[in-house]
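Before any comments, here is the structure.
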Amino acid sequence: MAGGVRFAVRQMLRSPGYALAVIVTLALGIGVNTAVFSMVDGFLLRRLPYPQPDRLAALVTHLEGTDRGGHWSKEDDSHGVHDWLMAKQHISAATVAAYEGQMGSTASGVNLAAETGSGHVARFVTATAVTSHFFSVLGLEPLIGREFSNAESRPGGARAVVLSYGLWQSLFAGDSAVLGRTVRLKGEPFTVIGVLPAAATMPHGNSELYTVLQPGDAQGACAGYDCGILMRLKPGATWDEVRGELAHLPVHPDTDSTPSGAWLYAQPMQNSLNDDSSRPKVLVLMLAVSLILLIACANLAGLTMARIGGRTQELATRMALGASRWRLLRQLWLESLLPAALGAAASMGLASACLRAVSSVLPATMQPLGGFAIDGRVLLFTLAATLATTVLFGALPALVARRVALRSAMSAKSYSVAAGTGRSRRLLIAGEVALTVVLVAAAGVLVRTLVYLETLPPGFDAHNVTLGKVSLDEARYHSPAAFTNLLAHSLAATRRIPGVENVAAGLSVPYERGLNWGAQIADGPHAGERISTSTSWVTPDYFATLRVPILAGREVKDSDTAPSEPVAVVNEAFARKYFGTANAVGRFLTKPQSAAQQPPMRMRIVGVVGDVTKEQGIAWTAPLGTEPVLYLPAAQFPAAMLAPVHLWFEPSLIVRTRGPVANLGQSMAAVLAGVDRDLSFSGFYRFEDLMETELAMQRIEVLLLGSLALLALLLSAVGVGSLVAAAIVERRREIGIRIALGATIGDSVRTMLRSGLTPVLVGAGVGLAACFAVLRLLRSEIYGVGPYDLWTLAATPALLFALSLLAALVPAQRITRIDPAETLRAE
């Protein structure tokens, strides 16, 4: 074996070009596979970063039933007050805790005001509300202080807050005397009782602080089925005991459908974090990089066969001297394994670079707990991939070596190679072309989808518009008078900033999702129909500031106040859907009041505006699109809705300037602080930022799959060029004789090109057939184009053929250097 290794090293040094080709090809193939497997590992396989994660679970409701003749089922991890009280009182085998939101959801935010060593500070911070035992269920202990008590988690309990390590350092300079200090959140006092360690990781995403959750309190905590429930087995308890206790609990599902079956169960927390949306994406990506590795193996197999074909005399001589075929096969495998090992080592650097690049573009909310890492399991995968690729690209060449004919191979004037090598290489090229067509077509339809979404008509003018997001989830702004007064003073002060042309505010803006709001059509063809539609409160000049066209009637005016007649503005899609006309001015809608004794609020439609592109919410068909929208004057927005709506939505201050304005964000922040020193903007955005946020997943899919498609194209082109180069070497004598007998160089070049491009055409045909099966997997990610988009399916083989032609022309030029006289002299 040692002698075989030394001989393999000499062979590698003797053929540096072959060795470099193997190392680079496998570094690319194994590198991208290692990077993607690390992503799969992070999302689906890696153990959670908590003590004894197998003793952690999330409470989930299973629902199933029949609706419109079809069977449906779903798993729901959102719970209300009833579920929390039942779990807390009746589950004795596990410690339970609740938190605001659902597994994998992003943290919301609150306004924080505090007195620090540097004076009064007001800032927007991310926050999550959790009950007592939440941190202990996860196995976390505060760095200083304590977690929430049972008394604090009851309605009416003391308001307490636990700080993250980062906020403790940035706001209080790591002062341990912060315990017991009071900060104001949402305008109300909270007492600091603890600080988490720096490495603390939360399943729903890290927040800057954690407030005490009091399910069932006056603020409606968990009343809207918006809480998650975790549990950890107590020492000595089993999951069978938990299942037995859950079997006796009644289920109160949050669904409009009537389920025929519903029950609670404890789902392992690992499964709860792996939601249905991330699993297919990473698995499709793993399939794509597996195709890349197969293409690389096909390339190397063809290259290795050509190399063995040139060594037939050497192999025949060794067999004549007594070497067994098994020993030759082992030696050839060692010669493949050595550069493959070097390629695998180089792949680790490429994999690390790929993971850093993905982490930089992937939002934190889309990354697995603990991020991406190359750990022991990933290293084992790399080792297995190296051995597998060595076997794959060495298997066919080994079979070729077994068919070496001793007598013909040892002939001094023999120019033959092992039988069937050319046919085998052509089959390999056809196979890798087929795989490349599938990858390029998949990337193509995703690119077409992204182009479709990015070029949707916006319906407004985003030029010179800045958005300032601010949270109004403040107790002092739950009254309509305080709310409208804040808007009036903020808008008036902002208009005085130099360079500002127009100012308005709205609950939501284009590229954002609106509030799902119920109303009833009062007249027209749909009179009496109850609807749920995207809704937003807006101030006067909202449409003028965004330059949304007024198609009929007027927009919201200063005179649309609480005492005046309730009015509404709708978009064209709303008017056409519910009134059958583009002009719905003068039609009426009704909205039930919160108090049963009050008559429904009757709203007259006073204007129809153009459609704008939004994140769809009611009837979701794509990340962005148009849908019916209802706009209400901010001054007439129902008082009972202010608190719940501003809990989930951050309104926008919309500022249009005449041109670029220096330090506009600082000026807007100073204006807001002058109106209310405890309020601060959560951020400043352009509409391009909002669109990029909505299309982040589509961009990442295009980036990843597009990069793999380009790599596949490169490998396929190199494979075709290698095939033609090998064919010219093998048939050099034949070509020289043909030219000597009168054949032109052009005829010889066309013959070689035909031998290289024929498998490309065959592979392209097979790949197109495979597309009709494989592209169906991407149906849920494609919008605006079909999975079998004709332009993509036509352009893909054309592009591949053009690149293959260029790749084949490069080695074909060697024919011009063949001297027929020299060939005849050799004969």
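The values are calculated or read from the model by the stated rules, or taken from the named source; none is laboratory data. Since the structure is predicted, the reported quantities are computational estimates derived from the model, not experimental observations. Here Cβ is always computed from backbone atoms with ideal geometry, including for glycine, and neighbour counts include all displayed protein chains. For accessibility, only protein heavy atoms count, side chains too; no ligands or nucleic acids. Shrake-Rupley method; radii C 1.70, N 1.55, O 1.52, S 1.80 Å.
Please indicate, with yes or no, whether at least one residue in segment 564-580 is acidic (Asp, Glu), in contact (Cβ under 8 Å) with a residue 12 or more places away in the chain and in contact with a helix residue (DSSP H, G or I) (Cβ under 6 Å, 6 or more places away or on another chain).
No; the residues of segment 564-580 include none that is acidic (Asp, Glu), in contact (Cβ under 8 Å) with a residue 12 or more places away in the chain and in contact with a helix residue (DSSP H, G or I) (Cβ under 6 Å, 6 or more places away or on another chain).
Which of the residues spanning segment 380-406 are outside any helix (DSSP H, G or I) and either surrounded by 14 or more Cβ atoms within 10 Å (Cβ to Cβ) or modelled with pLDDT of 60 or more (or both)?
404, 405
Taking the conditions exactly as written (over 30 Å from residue 439 (Cα atoms) and at pLDDT below 70), does residue 325 satisfy them or not?
Yes, satisfied.
Taking segment 356-379 only, how many residues are buried (at least 17 other Cβ atoms within 10 Å of the Cβ) and either over 22 Å from the mean Cα position of the chain (by Cα) or over 24 Å from residue 272 (Cβ atoms) (or both)?
Selection size over segment 356-379: 1.
Quick one: in segment 623-640, of everything that is buried (at least 17 other Cβ atoms within 10 Å of the Cβ) and among the aliphatic types (A, V, I, L, M), which residue is nearest to residue 573 (Cα to Cα)?
629
Please work out if residue 659 is under 37 Å from the mean Cα position of the chain (by Cα), under 30 Å from residue 682 (Cα atoms), touching a residue at least 40 places away in the same chain (Cβ under 8 Å) and surrounded by fewer than 18 Cβ atoms within 10 Å (Cβ to Cβ).
So residue 659 passes the test.
Among the numbered criteria (1) modelled with pLDDT of 85 or more; (2) under 30 Å from residue 137 (Cα atoms); (3) surrounded by 17 or more Cβ atoms within 10 Å (Cβ to Cβ), which single criterion is violated by residue 49?
Failing condition for residue 49: (3).
Filtering segment 407-457 down to residues that are among the hydroxyl-bearing types (Ser, Thr, Tyr) and either at pLDDT 90 or above or part of a loop (DSSP other than H, G, I, E, B) (or both), which residue is surrounded by the most Cβ atoms within 10 Å (Cβ to Cβ)?
Within segment 407-457, the match that is surrounded by the most Cβ atoms within 10 Å (Cβ to Cβ) is 436.
Could you give me the residue pairs with C-beta distances under 7 Å whose first residue belongs to segment 447-468 and is of a type in the set (Phe, Trp, Tyr), whose second residue is open to solvent by less than 80 Å² (accessible area, probe 1.4 Å) and part of a helix (DSSP H, G or I) wherever it lies, and which are 6+ apart or on separate chains?
460/546
For segment 187-207, how many residues are β-branched (Val, Ile, Thr), open to solvent by 30 Å² or more (accessible area, probe 1.4 Å) and either under 11 Å from residue 164 (Cα atoms) or under 27 Å from the mean Cα position of the chain (by Cα) (or both)?
Counting residues in segment 187-207 that are β-branched (Val, Ile, Thr), open to solvent by 30 Å² or more (accessible area, probe 1.4 Å) and either under 11 Å from residue 164 (Cα atoms) or under 27 Å from the mean Cα position of the chain (by Cα) (or both) gives 1.
If only one of 802, 769 is free of Cβ contacts under 8 Å to residues at least 40 places away in the same chain, open to solvent by less than 60 Å² (accessible area, probe 1.4 Å) and hydrophobic (A, V, I, L, M, F, W, C), which one is it?
802
Could you tell me which of the residues 707, 716 is closer than 30 Å to residue 446 by Cβ, of a type in the set (Ser, Thr, Tyr) and crowded, with 18+ Cβ neighbours inside 10 Å?
Answer to the selection: 716.
Would you check if there is a residue in segment 734-743 being on the phi > 0 side of the Ramachandran plot and outside any helix (DSSP H, G or I)?
Scanning segment 734-743 turns up at least one residue that is on the phi > 0 side of the Ramachandran plot and outside any helix (DSSP H, G or I).
Of everything in segment 543-563 that's farther than 15 Å from residue 606 by Cα, at pLDDT 95 or above and not β-branched (Val, Ile, Thr), which residue is nearest to the chain's Cα centre (by Cα)?
That would be 546.
Report those strands (runs of 3 or more DSSP E) wholly inside segment 86-202 carrying at least 3 residues which are not aliphatic (A, V, I, L, M).
Fully inside segment 86-202 and qualifying: 94-100, 108-116, 119-130, 188-195.
Give just the number: which of (1) at pLDDT 95 or above; (2) charged (D, E, K, R); (3) part of a helix (DSSP H, G or I) does residue 656 not satisfy?
(3)
Checking residue 602 against (1) in a strand (DSSP E or B); (2) under 37 Å from the mean Cα position of the chain (by Cα): exactly one of these is not met. Which one?
(2)
Based on what the data block shows, is residue 353 assigned to a helix (DSSP H, G or I), surrounded by fewer than 13 Cβ atoms within 10 Å (Cβ to Cβ), at negative phi and at pLDDT 80 or above?
Judged against the criteria, residue 353 is a match.
Tally up the residues in segment 446-465 that are closer than 12 Å to residue 695 by Cβ and among the aliphatic types (A, V, I, L, M), please.
Total meeting the criteria: 5.
How many residues does segment 208-248 hold that are open to solvent by 10 Å² or more (accessible area, probe 1.4 Å), modelled with pLDDT of 85 or more, within 20 Å of residue 61 (Cβ to Cβ) and of a type in the set (Gly, Ala, Ser)?
2
Any chance you could count how many residues in segment 282-297 are of a type in the set (A, V, I, L, M, F, W, C) and under 13 Å from residue 30 (Cα atoms)?
Matching residues across segment 282-297 total 10.
Check segment 53-63 and report whether any residue there is open to solvent by 10 Å² or more (accessible area, probe 1.4 Å), over 30 Å from residue 297 (Cα atoms) and free of Cβ contacts under 8 Å to residues at least 12 places away in the same chain.
So far as segment 53-63 goes, no, none of its residues is open to solvent by 10 Å² or more (accessible area, probe 1.4 Å), over 30 Å from residue 297 (Cα atoms) and free of Cβ contacts under 8 Å to residues at least 12 places away in the same chain.
Yes/no matrix, rows are residues, columns are (1) crowded, with 17+ Cβ neighbours inside 10 Å; (2) in contact with a Gly (Cβ under 6 Å, 6 or more places away or on another chain); (3) among the charged types (D, E, K, R):
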position: 538; (1), (2), (3): yes, yes, no
position: 544; (1), (2), (3): no, no, no
position: 568; (1), (2), (3): yes, no, no
position: 573; (1), (2), (3): yes, no, no
position: 580; (1), (2), (3): no, no, no
position: 584; (1), (2), (3): yes, no, no
position: 588; (1), (2), (3): yes, no, no
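Name the residues in segment 459-516 that are in contact with a strand residue (DSSP E or B) (Cβ under 6 Å, 6 or more places away or on another chain), open to solvent by 50 Å² or more (accessible area, probe 1.4 Å) and closer than 28 Å to residue 627 by Cα, would you?
Of everything in segment 459-516, those that are in contact with a strand residue (DSSP E or B) (Cβ under 6 Å, 6 or more places away or on another chain), open to solvent by 50 Å² or more (accessible area, probe 1.4 Å) and closer than 28 Å to residue 627 by Cα turn out to be 513, 516.
Mind checking which residues of segment 675-704 are part of a loop (DSSP other than H, G, I, E, B), under 24 Å from residue 625 (Cβ atoms) and open to solvent by less than 20 Å² (accessible area, probe 1.4 Å)?
The answer is 695, and nothing else.
Among the residues of segment 745-764, are any under 32 Å from the mean Cα position of the chain (by Cα), open to solvent by less than 60 Å² (accessible area, probe 1.4 Å) and touching a residue at least 40 places away in the same chain (Cβ under 8 Å)?
yes
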